[in-house]
Number of protein chains: 2
Amino acid sequence: MSKKPASSLDPVEALRLDNQLCFALYGATNRMTRLYRPLLDAIGLTYPQYLAMMVLWEQSPRTVGALGDALDLDSSTLTPLLKRLEAGGLVERHRDPDDERRVIVALTDKGRALREQAAEIPEKLFCALDMPLDGVITLRERLKILAK
Amino acid sequence: MSKKPASSLDPVEALRLDNQLCFALYGATNRMTRLYRPLLDAIGLTYPQYLAMMVLWEQSPRTVGALGDALDLDSSTLTPLLKRLEAGGLVERHRDPDDERRVIVALTDKGRALREQAAEIPEKLFCALDMPLDGVITLRERLKILAK
DNA sequence: TGATATTAAATCGCACACGATTAAATCGTT
DNA sequence: AACGATTTAATCGTGTGCGATTTAATATCA
C-alpha cells in the first residue's frame with residue numbers, strides 16, 4: 001500500500017494517459033459531439049451552430065462580439081459560422097447603424113421557429129447519456145468552474 | 001419556492017444555455033486547450049499531437065488502429081496528424097510486414113527524448129488550473145464515465 | 001481455388017478553432 | 001479639427017474531427 005498520492009511529482013506517472021484530466025475531457029467532448037450529431041442532423045445544425053442558436057434563442061439580436069463572449073469564440077470562428085446560419089435563412093446580419101464597426105446578428109422567423117424543433121433535444125440527449133441527473137448536475141457545475 | 005426540478009420537461013428551461021452540460025463541456029475544453037497551448041508551443045506540439053505522443057510514450061510501436069482506439073479517433077484524423085509528427089522526426093511509419101493493411105507507428109529517439117521535456121507539463125497545468133486536487137480527480141472520474 | 005466480404009488506412013470535403021494580420025470605424029487627447 | 005490609439009469584424013493559414021468514399025490486403029466460404 002505504498003501507492004504514492006495522485007499529486008505525485010513522478011513524471012512518468014504524471015504523464016500516464018489515465019491520469020490526465022485533459023484526456024478525459026477530450027474523450028467526453030468527443031462522445032458528446034457524437035451523441036448530438038444524429039439529433040442535430042435532423043434539424044440541419046452542427047454542434048457549434050446549435051450552441052450559437054441557443055445563445056440567440058435566449059436573446060436576439062446580439063452583436064458578433066456579444067455572441068463571442070457568450071460562446072468564448074472570436075470572430076475568426078464566428079464569422080464563417082454565422083454566414084452559414086445566414087445562408088440557411090436562420091439569422092440576418094447587418095452593421096449597427098450606431099457603430100459601423102459592430103455587426104448585429106438577429107434571428108429570422110425561421111430561426112425562431114427552429115426552437116420548437118430543438119426543444120426535445122436536451123431531453124433526448126439526457127436519455128442517451130444514461131447518467132443519473134445528480135451526476136450530470138455535479139459534473140456540469142465542476143466544468144463551469146473549470147471553464148472559469 | 002415553486003422552482004421546478006432540474007429534470008423539468010419545460011422546453012424553454014431545458015434549452016437554457018446555463019443548464020447545458022454540453023456547453024459546460026465545450027467551455028472547459030476551450031479553456032483547457034488555451035492553458036495547454038503555451039506549454040505545448042514550447043515543445044512544438046499541438047494538443048491532439050500531445051495526446052497522441054502520450055499514447056506512444058506508454059507503448060510504442062502501435063498500429064494506427066490501436067492509436068485510434070486509445071484516442072477515439074479514426075484514420076481520417078490520425079493519418080495527417082501522424083504525418084506531421086513524422087515530418088517533425090518524432091515518429092516513423094511503416095507497413096506491417098505481417099499484414100500489409102496495417103501501418104505501424106513507432107517513436108524515434110527524438111520522439112522518446114521529447115518525453116523528458118514534456119514531463120513538467122502536467123504539474124504546470126495543474127497549477128494553472130487552480131482547482132483542488134480532489135476536485136480534479138472527481139471531475140476526471142465523472143468525465144471518464146461520460147466518455148464511456 | 002475463387003468470388004465475395006471484411007478490414008485497415010488513406011483520401012476528400014466540410015466545418016470548426018484560433019493565432020496573426022488587415023481594414024474600417026470610433027475614441028481620446030491635444 | 002486632427003492624429004494616433006483602440007475597438008470590431010473579417011480574412012488568411014494551419015491543424016484538427018469526422019462522414020463518406022477509395023484502395024489495397026486479408027479472411028471467408030461455397
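Here are some notes:
- Evaluated at q = 0.19, 0.20 Å⁻¹: base-10 log I(q)/I(0), Debye formula over Cα of the range B:22-95: -0.84, -0.92
- Chain A versus the axis that turns it onto chain B: the residue with the nearest Cβ and the distance in whole Å amount to A:T29, 2.
- Ranked from shortest, the separations from the 7 Å Cα-to-Cβ label point of A:S75 to its equivalents in the other copies are 4.3 nm.
- Taken residue by residue and averaged, Cβ atoms of other chains lying within 10 Å of the Cβ of B:29-37 number 4.
- Estimated FRET transfer efficiency when R0 is 41 angstrom, pair B:R101-A:T33 (beta carbons, to 0.05): 0.90
- CD proxy at 222 nm, helix term only [per DSSP H run n ≥ 4: -39500 (n - 2.57); per residue of the protein assembly as shown; nearest 500]: -19500 deg cm²/dmol
- Two-site FRET efficiency, B:E123 against A:E58, from Cβ-Cβ distance with R₀ of 35 Å, rounded to 0.05: 0.35
- Against the main long axis of the alpha-carbon atoms of chain A, helix A:47-58 sits at an angle near 60°.
- Per-copy distances of the A:G88 label point, shortest first, in nm (7 angstrom along Cα→Cβ): 3.4
- Acute angle (nearest 10 degrees) that the helix A:75-87 long axis makes with the longest principal axis of chain A, alpha-carbon atoms: 50
- Sorted into 10 angstrom bins from 0, the C-alpha pair distances of the range B:73-148 split as 15, 27, 30, 23, 4 percent.
- Burial ordering of A:R140, A:R115, fewest other beta-carbon atoms within 10 Å first: A:R115, A:R140
- The ratio of the alpha-carbon radius of gyration of the protein assembly as shown to the globular-protein estimate 2.2 N^0.38 Å is 1.13.
- Inter-chain Cβ neighbour average for residues A:115-125, partner chain, 10 Å: 4
- Using a 7 Å Cα-to-Cβ projection, A:Q117 label spacings across copies, nm, ascending: 4.9
- Cα-based convex hull, chain A, per residue volume (Å³, whole number): 159
- Pairs of Cα atoms nearer than 8 Å and 6+ residues apart set the relative contact order; for chain B it is 18 percent.
Any read-out appearing in this document is the output of simple, stated calculations on the displayed coordinates, not a laboratory observation. In this text the structure is predicted, and so the values were computed from the model without any measurement. We place every Cβ from the backbone using ideal geometry, glycine too, and count neighbours over all the protein chains shown.
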